[in-house]
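One structure below.
Just so it is clear, none of the values below were taken in a lab; they were calculated from the coordinates. Quick caveat: nothing in here was measured; it's all calculated off a predicted structure. Neighbour counts run over all protein chains shown; Cβ positions are idealised from the backbone, glycine included.
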Amino acid sequence: MELISTVIVLTCVTLGLGWLLLSAHARLKGDDNELIDAIDALLPQTQCAQCGYPGCRPYAEAVAGGAAIDLCPPGGNATFEALGSLLGRSGGVSPPAPENVLARIREEECIGCFLCTRACPVDAIIGAPGYMHTVIEDECTGCELCLPACPVDCIDLVPAPEAITDTAENADIHASGALREERPRPQMLPGTAHGGQPCIGCNRCEPVCPADLAPRELLWLSSAGKWDGARELGLHRCIECRLCDRACPSDIPLAHIFAGGKRVLAERGARDARAAHAKARFEARAERLAAEQDAARARRAERLARRKRQTQQDGAAFQ
């Protein structure tokens, strides 16, 4: 009887420990997935494989497992610093500023080999085997994967339309988080924001704001490049009425600064929308290829089964 009681107790303890281990594993796996999702959200979603991994999601998984955070050229310094801030890492070499480019096929030289179409991770190249191909420029992410795939070297990388219209006056909006200026101004530092007399914190600007914003806080957030915080405080709702300028005893051009900040938010929003769109096309392509592979395997299995049945029928007829 005592032996049976001991066995029952040991069984209960084993089952309890097993349940605890399974619960801990599920919880840790959930934490890992949340971290991978957070890392993936910071990547540019060009799916270019320049990091050495087949896409942004696999690279996010690798980074979560300890891989280097400086392997993403399209993300540039902004992605490198964002990953370092998220993961608390400081090692690595900051990538250079990314080039905003897209692929363009010299169509008169295209031989219709279809290899570039297979290489494109977001299905941005259309064409059929034996016919001329072309790039859907609105879908191209500039990943460069089509270049080595082309056997006749008829694909060029050209500046994207927004890169062509970008001027020296607003070039510092990209990746650096600095404000885009309409005319040359001294470098803006936290507390000065306009290169002149610093904000004295009098808060006279807030009561006059017709949009019920907090210009003083928005000034500091904009000066520090903390755009997420500025968005949360409603920077995009600024109507640029300049009433805060008139109330400011330090003559800080608040409306001008906020206008630049709104352009930064708009650029960031457009960039995030492009990344989400490219990611969706990449995932749709992966699903399509997987479905095609499944269909091919099913057809092969059906052919093999048909041949087997035919062989059995032939054998039965021979007998």
Next item on the list: Quickly work out the Val158-to-Gln197 label distance, labels modelled 7 Å from Cα along the C-beta direction, and quote it in nm with one decimal.
Entry: 5.2
Item checked: Label-point separation, Gln293 to Glu217 (7 Å along Cα→Cβ), nm -> 5.0
Item checked: Rough spin-label spacing in nm, given labels placed 7 Å along Cα→Cβ, for Leu87 and Arg118 -> 3.3
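Please sort by residue number the GluC sites (Glu not before Pro) in the stretch 85-127 whose DSSP state is loop and whose Cβ has at most 15 other Cβ atoms within 10 Å. Kindly include the intermediate steps, with their values, before the conclusion.
Details: sites: Glu99, Glu107, Glu108, Glu109; in loops: Glu99.
Those satisfying the criteria are Glu99.
As an exercise, use a Förster radius of 41 Å and the Cβ-Cβ distance of Arg306 and Asp37 to find the FRET efficiency, rounded to the nearest 0.05.
On the way: r = 45 Å, r/R0 = 1.10.
Efficiency, from the Cβ-Cβ distance: 0.35.
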Margin query: Can you pull out the trypsin sites (Lys or Arg not before Pro) in the stretch 65-151 whose DSSP state is coil and whose Cβ has at most 16 other Cβ atoms within 10 Å?
Written below: Arg89, Arg106
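Using 0.36 nm times the number of residues separating Glu283 and Arg106, minus their current alpha carbon distance, what extension gain do you get?
Values: separation 177, 0.36 × 177 = 63.72 nm, distance 2.81 nm.
Result for the pair: 60.9 nm of gain on full extension.
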